[in-house]
Amino acid sequence: MQPGVTIWRCKGCGVGFFPQRLLCPHCGGGEWGQDRVHEAVIEEVSTIRHMIGQADWTPRRIASVRTAEGLSFTVGLRDDSGPGAVVALFEEGAAPYGQAKP
Ligand SMILES: [Zn+2]
């Protein structure tokens, strides 16, 4: 587990994106640097109860989150946090997750 989630920040204008874009929609730049975000607020939670082709799937929760600078993306949720909660972000493998801050 690695704390934070990788985002890409435009070297031209400094706006952050996740996932990475080919060109920056803000300034048209195409050069990116990596950055990390460590917390976000949950906007919406969904439960995935079935997955095609997965016989032993256990229901898991995903959350749509938004960072302080307005980046919005989906993470796996590791606890019962609900909308409005601030979660700490981390990565396992290449996948982003969130759980309530201690
Ligand atoms: Zn830009």
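The values are calculated or read from the model by the stated rules, or taken from the named source; none is laboratory data. The structure displayed is predicted, hence computed values, not measured ones. A quick note on method: Cβ atoms are made from the backbone with ideal geometry, for glycine too, and the neighbour counts reach across all protein chains shown. To get the accessible areas, we keep the full protein, side chains included, count just its heavy atoms, and leave off ligands, DNA and RNA. Shrake-Rupley method; radii C 1.70, N 1.55, O 1.52, S 1.80 Å.
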(message) How large a share of the accessible area of the chain, in percent, is made up of carbon and sulfur atoms when the probe is 1.4 Å and the other protein chains stay in place?
(response) 52
(message) Are there any chymotrypsin sites (Phe, Trp or Tyr not before Pro) in the chain that are in a DSSP loop and have at most 10 other Cβ atoms within 10 Å? List them by number.
(response) none
(message) Among DSSP bridges having both ends in the chain, what percentage is antiparallel? Round to the nearest 5.
(response) 95
(request) Write down the accessible area per residue of the stretch 1-65 in Å², having rolled a 1.4 Å probe over the full set of protein chains. (result) 68
(message) Probe radius 1.4 Å, ligands and nucleic acids left out: which of 91, 43 has the largest accessible area, and how do the rest follow?
(response) 43, 91
(request) Beyond 19 Å, what share of the Cα-Cα pairs of the stretch 1-90 is found? Please give it as a whole percent. (result) 48
